[in-house]
Amino acid sequence: MTWMMWIILLLVALAALFAIPPLRRAAVTRTLFAAYRKMLPQVSQTEKEALEAGSVWWEGELFSGRPDWRKLLAYPSPRLTAEEQSFLDNETEELCRLSDDWVSSHYDHDLSPEAWRCMKEKGFLGMIIPKQYGGVGFSAYAHSQVVTKLATRCAASAVSVMVPNSLGPAELLLHYGTEEQKNHYLPRLAKGVDIPCFALTSPWAGSDAASIPDRGVVCKGVWQGREIIGMRLTWDKRYITLAPVATVVGLAFRLFDPERLLGDAANAEGDLGITCALVPANHPGVEIGRRHFPLNAAWHNGPTRGKDVFMPLDFIVGGPQMAGQGWRMLMECLAAGRAISLPASNTGMQKLAVRAVGGYARVRNQFKTAIGRFEGIQEPLARMGGNLYLCDAARVMTVGAIDLGEKPSVVSAIVKCHITERARQAMNDGMDILGGKGICLGPSNFLGRAYQQVPVAITVEGANILTRSLIIFGQGAIRCHPYVMAEMEAAQRDDLVAFDRALFAHIGHVLGNGWRALTAGLTGARFAAAPAEAAPEARRYYRQLSRFSAAFALLADVSMLTLGGSLKRKEKLSARMADILSLLYLASAVLKRYESEGRQQADAPLLHWTMQDTLFKAQSAFDGVMANFPVRFVAALLRGVIFPLGRPCAAAPDQLGGDVAELLIAPSATRERLTAGMYLPRDAQDPVGVIELALEATLQAEEVRARLRAARKRGQLTDGGAEELENQALAHGIITSAEHALLAQARALTDEVIKVDDFPFDLGLRRSEPEPAPQRKVA
């Protein structure tokens, strides 16, 4: 009994120790606080600004381990206004018509003058600029829809439109410019009087943009006939889109004030920090106009340089008082801009591939069978369809968040990285299906240039390798975690009370997620959270995502606790953790899309294939983290909690993949929803339009061709080619003259679909006698 009393007293004492905050802080937290401050890695100013940039949105729910699915379903789906829809149906359609990917990339290396005029006069370059400055003031969703549609037609048009509306002069001016700067530049940018570019990347600072060596020095100099305090800049930039045709150059550089002409804002080395300025391209000393040639792309990209170029401080975005604030500006704008342009253009590329390759797979026959019916072709077709369904869902949900006022920096990195990667997969799959048709460039090839240029999207706005291995989880673990940022800020302020509050909430968070992960693992997630209002066929996916969210939150906390600052250097582990978070977000977008589109039962194969593929990949990423976790006994404990009964998810079955493939090779409402918003000319002279016409004719002719096969089996027709058999059938009264004409039309259109282009010996590139763009004809 005495021992029992001692045990009870000990438990009461421990409970009191942890339940009474002043006692807990004195006995426990103070020691932990001191240790935490010693192990806390130094955070540079640029890292701090990157972490603080933007906002936390749905990814914060996933990091919590207890996502509120009702909140996800309650987010309003973005909608176009009547004005925006009209712009998409008319002006955007017109720009698509004026754009020709083959002519611009092979012959002109530029868009046509008519296309440039359309972009300028119709407001394409001012979509983000408010109407008060002469722009069209579109929503992020409308901006995304326009770029998506243009990308289904011509990469040069899409890029030339999206760059002025993304991270660059207009975006920076809107948020940080002085009224004088806004009033001067924004109307000119909106109407295309000025063409902007933004120069960040240098030969010595690519993905590590914060280390840019380009520099300026505050000094006195002569400007417009009088001596002023200005700055003398030296820069060497490359990979700058629109630079060769730009009239105003946005520059990022590090500004120094060694003589303290601007006061005491600079540090001990005289460094004010990264600064952004707008410089007219015709300013004395600016070197511009030469071009790079990125993978045969027709859009303009090139270097800009300057050496000891003097300019007034008024060129700084926001004026002299914003000197040194450039990195914060860039990070805050990138949080939103990166979520729009590249996800939109790469989703558009996928729409083009899915629509055209799916149609091609139905009209192209081998071994007397449409190739889309071969299981070997159905596998990549299913991947293309499922990935497009997911990417479009993520694109729409993310731009919807921006229109709600969010600037989700981690989410923008997720969608940029994963949509561009899946676009690359779609281009590879499409080329595999097209075979020889895909590898011969020419006006008949609708996919070749997209296949060539998809690595550009992988590389720009944060190379995917580094985004995946350093940014998504590295930034998300601090920015999106419910307690880590609070703990770090408390430590930096030397605030023991705030640290104690955050720490013990954090401990409860870890224990709660561990319990949820274990119980969900033991019960197959049957009792995990799923919204009652969700579609019954989708609830099992909500439950698995709830389970994986708890497991991810637990794994993240254990990794940070066990590995500490060294986790930043474990890039492969960080990349797998990023994959888990990304896949949870992408799967959430798929579920949101299925509900927003009215639970279309015909789309269910896309829902099931995408969710099963995503969950299986998330499971593999969990497995990869635990298999390579440096502290092996911790890895074993984690595996026992997360997968107590083994791995629960399997890859999508072949039959389901076949069902998805069938949706891509025949007209249907599902196919229309999947490729909605793309440019679809009904023109036999167009490589995509002719596929649409051939598909319609092929389906209309199927019943007639079936009668021909039956007649041939009965011996009514002798052996011969297709045209000869059709003539025999007409002569014998087996088919009518109208049916004979239909068969001839289907055959002619199919011949046009499968043909490839050929050129003179010099490929039509001889400078003295350039070959005109060939005209395509259909019988």
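The values are calculated or read from the model by the stated rules, or taken from the named source; none is laboratory data. All values reported here derive from a predicted model rather than from experimental measurement. Cβ coordinates were reconstructed from backbone atoms using ideal geometry, including for glycine residues, and neighbour counts include every protein chain displayed. Remember, those area values only see protein heavy atoms, side chains included, never the ligands or the DNA or RNA. Shrake-Rupley method; radii C 1.70, N 1.55, O 1.52, S 1.80 Å.
Once C-alpha pairs closer than 8 Å and six or more residues apart are averaged by separation and normalised to the residue number of the chain, the relative contact order reads 15 percent.
Note on the chain: helix-only mean residue ellipticity at 222 nm, from DSSP H runs of 4+ residues weighted -39500 (n - 2.57) and normalised by residue number, equals -17500 deg cm²/dmol.
Under the Kirkwood approximation for Rh and a Cα-based Rg, what ratio Rg/Rh is obtained for the chain?
Numbers: Rg = 29.9 Å, Rh = 29.0 Å.
A ratio of 1.03.
Taking one quarter of the surface of the convex hull spanned by the alpha-carbon atoms of segment 668-736 gives a direction-averaged projected area of 6.3 nm².
For a Förster distance of 56 Å, can you work out the FRET efficiency between the beta-carbons of GLN685 and ILE465, rounded to the nearest 0.05? Mind showing how you got there, number by number?
On the way: r = 41 Å, r/R0 = 0.73.
After rounding to 0.05, the efficiency reads 0.85.
For segment 207-331, the per residue solvent-accessible surface stands at 43 Å², with DNA, RNA and ligands left out and a 1.4 Å probe. Multiplying the residue separation of LEU763 and GLU227 by 0.36 nm and subtracting their alpha-carbon distance yields 187.2 nm. If you average the C-alpha positions of segment 733-760 and of segment 481-529 separately, how far apart do those two centres end up, in angstrom? First find each Cα centre; the distance between them is then 66 Å.
The calculated Kirkwood hydrodynamic radius for segment 123-163 is 10.2 Å, given to one decimal from all distinct C-alpha pairs.
Computed extension length for THR234-SER211: 6.8 nm, one decimal, from 0.36 nm per residue of separation with the Cα-Cα distance subtracted. Note on SER668: accessible area approximately 40 square angstrom, rounded to 10, probe 1.4 Å, nucleic acids and ligands left out.
Solvent-accessible surface of segment 633-757, taken per residue with a 1.4 Å probe and all protein chains present: 49 Å². Within the accessible area of the chain, the carbon and sulfur atoms contribute 56%, probe 1.4 Å, all protein chains present. Taking a straight line from the alpha carbon of LYS71, these aspartates and glutamates sit under 14 Å away, with near neighbours fewer than eight places off in the same chain left out: GLU59, GLU61, GLU533, GLU595. Tell me, how many Å apart are the Cα centres for segment 188-242 and for segment 307-342? Value for the Cα centre distance between the two parts: 10 Å. Each label point was placed 7 Å from the Cα along the Cα-to-Cβ direction; for ASP495 and ARG97 their separation is 6.1 nm. For each pair in LYS122/LYS237; LYS351/LYS592; LYS572/LYS592, compute the distance between the two Cα atoms and list the pairs where it is over 25 Å. Over 25 Å Cα-Cα: LYS122/LYS237; LYS572/LYS592.
Let's see if you can work this out: charge +1 on each Lys and Arg Cβ, -1 on each Asp and Glu Cβ, no other charges. What is the dipole magnitude of segment 354-487 about its Cα centre, in debye to the nearest 20?
Values: 15 positive and 10 negative charges, 109 e Å.
With only Lys, Arg, Asp and Glu charged at Cβ, the dipole is about 520 debye.
Between GLY250 and CYS197, PHE198, ALA199, VAL279, the built amide H atoms are under 5 Å apart, and every one of these is 5 or more places off in sequence or on another chain.
Put simply, when 336-343, 380-387 are sorted by average Cβ atoms within 10 angstrom per residue, most first, you get 336-343, 380-387.
Stretched out fully, how many nm does the piece from ALA706 to HIS175 gain, at 0.36 nm a residue minus the Cα gap? Spell out each step's value before the answer.
Working: separation 531, 0.36 × 531 = 191.16 nm, distance 6.46 nm.
Once the chain is fully extended between ALA706 and HIS175, it gains 184.7 nm.
When you restrict to C-alpha pairs under 8 Å that are six or more residues apart and normalise by the size of segment 602-709, the relative contact order lands at 25 percent. Cross-link reach is defined here as a Cα-Cα straight distance under 20 Å, omitting same-chain residues fewer than 8 places apart; for LYS755 the lysines meeting it are LYS368, LYS437, LYS777.
Across segment 654-669, rounded Karplus estimates of 3J(HN,Hα) from the backbone phi angles (6.51 cos²θ - 1.76 cosθ + 1.60, θ = phi - 60°) give 4, 4, 5, x, x, 5, 5, 4, 4, 5, 8, 10, 8, x, 6, 5 Hz, Gly and Pro being marked x.
So if the hydrodynamic radius of segment 399-509 is defined as the Kirkwood radius over C-alpha pairs, what does Stokes-Einstein give as its diffusion coefficient at 4 °C and 1.567 mPa s, in µm² per second? List each step's numbers first, then the result.
On the way: Rh = 17.4 Å.
Roughly 74 µm²/s, to the nearest whole number.
Diffusion of segment 335-411 by Stokes-Einstein, at 10 °C in a medium of 1.306 mPa s and with Rh set to the Kirkwood radius over alpha-carbon pairs, works out to 113 µm²/s. For a straight C-alpha distance cut-off of 27 angstrom, the lysines reachable from LYS570 (same-chain residues fewer than eight places away being disregarded) are LYS38, LYS48, LYS416, LYS617. Overall shape: prolate for segment 197-238, with the ratio a/c of the largest to smallest alpha carbon gyration tensor axis at 1.5 or above and a/b above b/c.
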